[in-house]
1. What is the packing order of peptides 122-128, 400-406, taking the mean over residues of other C-beta atoms within 10 Å and listing the highest first?
2. In what sequence, highest mean first, do 414-421, 176-183, 39-46 appear when ranked by Cβ atoms within 10 angstrom?
3. Would you please classify the overall shape of the chain from the alpha carbon gyration tensor, given that a ≥ b ≥ c denote the square roots of the eigenvalues, rounded means a/c under 1.5, and beyond that prolate means a/b larger than b/c while oblate covers the rest?
4. Between residue 101 and residues 5 or more places away or on another chain, which pairs have amide H atoms under 5 Å apart, with H built 1.01 Å from N, and which residues are they?
5. Quick one: which residues, 5 or more positions from residue 130 or on another chain, have an amide H under 5 Å from its amide H? H modelled 1.01 Å from N in the peptide plane, none for Pro or chain starts.
6. Using alpha carbons only, how many degrees (0 to 90, rounded to 10) separate the axis of helix 14-25 from the longest principal axis of the chain?
7. Pairing the Cα long axis of helix 141-155 with the longest principal axis of the chain, what angle in degrees results, from 0 to 90 and rounded to the nearest 10?
8. Could you line up 423, 69 from fewest to most neighbouring Cβ atoms inside 10 Å?
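Laboratory data are not the source of any read-out in this text; all were calculated from the coordinates shown. Quick caveat: nothing in here was measured; it's all calculated off a predicted structure. For neighbour counting, all protein chains shown are included, and Cβ atoms are generated from backbone atoms with ideal geometry for every residue, glycine included.
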Amino acid sequence: MPEHFEVIIIGAGAAGLMCAATAAKRGKKVIVLDHANKMAKKVLMSGGGRCNFTNLSIEADNFISNNPHFCKSALKRYTQWDFIALVEKYHIDYYEKTQGQLFCRESSKLIRDLLSQECQSNGAQIRLKCEILSVETVLSSSQTDTFKAIETIKSESAKDLNLTAKNQIGSSNQNTTFKLTTSLGAFTCESLVIATGGLSIPTMGATDFGYQIAQQFGHQVLPTRAGLTPLTFKGRLLNAFKEMAGNALQVQVSCGQQTFNEAILFTHKGLSGPAILQISNYWQPGQAISINLLPHVDIATWITQLKESRPDIQLKTALASHFSQAVASFFASEVGFQGKLKQLTPQHIENIVQTLSDWTIYPEGVEGYRVAEVTLGGVDTQQISSKTFESALQSGLYFIGEVLDVTGHLGGYNFQWAWASGHAAGNYV
Ligand code: FDA
């Protein structure tokens, strides 16, 4: 006999655990199934082991989706303040690192423990190392009776009654039962929640399972790609970046209409750092990115004054007042001026301003899912209720968290989406 639960959640990550705790608090009989050997692995590895669990400022603009309004309702109903209150209830010490980003002072394990405790104390079960082999809908007894009625009616050729019976099937769809065949046996439930996340970091257990289930039930899955990922370069730029690897700069990076003021980091593969991860969500192959290397400096005034006060120094020496020696030498060569400051013409100064304030470069690609923090795209939200997260195509089926086509900026937004969507669905399953 299959084990029966009112709610089965596939995926013991941030969204799945929040949903489980919320539903169990309402008295629902809940189980979370996950194929991994540990729950909430991404919570554990997040924020460099300190979990950037939310942000002091959460706006719909911090999220990318084909359906930009979809995230608003859930984010309003479970806010950053709700999660902060939960963190405080568990006496977890936290601090604001930068730009509203809240991190645990001690360890992200404390957030994992909080989620585990919330599930446990409300009676939600969690079963790990559970491979999901298939998901199907089975007829509940009331539906079976209705089908029997149709067969009888058909044999009596009573067209009008036949219609009534069919309508009954439509309404009995409200009570769909799902049957899951798994490596730990069979399970049945009335509400099935898909919380299997995105494709990033496959070594942590990421799979395309959620997308497969969505398609099985007729949902559209929007094209996916790696997000919040370093950018790669080749040729001359890559060689230069290798020379400067390890150097970080506070800059302004733009791509199209998007701009981020954060740090970039030169690496042996190209560019990384928060500003690059942020812009990678917007960058498309073939596009340029533009970097203002000195966003807080009036470059023309600074270099003109320096030309007066220190006419005999070289440009790379002047640049070394803002950058390390290696970075200063590189940008002096990017400007293409090797002489002393007293030799600078107005055209040279214009070139310096242009290069340092709008350094335009073409990435070769992104590092990809191996290191990406999130997945852009996913289950199309057009056929999901923004109130309940239930599928419009299959009653009793829910999608939450990163598996949906909602991706946050860097800075605690992705976890806030997991908490908010998990909480919303948990109130309706
Ligand atoms: P999540 O990925 O957390 O959970 C999905 C679960 O489903 C996993 O437990 C997985 O094992 C399970 N699963 C998948 N396929 C399955 C299958 N076929 N069968 C059974 N189970 C299956 N965000 C943020 O806001 N602040 C931060 O500091 C960070 N830091 C960070 C660092 C790194 C390195 C990464 C990779 C990501 C982040 N993120 C982040 C992003 C954040 O971790 C992510 O958006 C959320 O974990 C998404 O939560 P979900 O619950 O939707 O998926």
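1. Values: 122-128: 17.9, 400-406: 30.4.
Descending mean neighbour count gives 400-406, 122-128.
2. On the way: 414-421: 28.5, 176-183: 17.5, 39-46: 20.8.
Averaged packing, sorted descending, gives the order 414-421, 39-46, 176-183.
3. Working: a/c = 3.12, a/b = 2.41, b/c = 1.30.
It is prolate, given that a/c is not under 1.5 and a/b is the larger ratio.
4. Amide H to amide H, under 5 Å and 5 or more residues apart or across chains, residue 101 pairs with 56.
5. The answer is 34, 35, 36.
6. Value to nearest ten degrees: 40.
7. Taking Cα atoms only, the helix is inclined about 60 degrees.
8. Values: 423 22, 69 10.
Result, fewest neighbours first: 69, 423.
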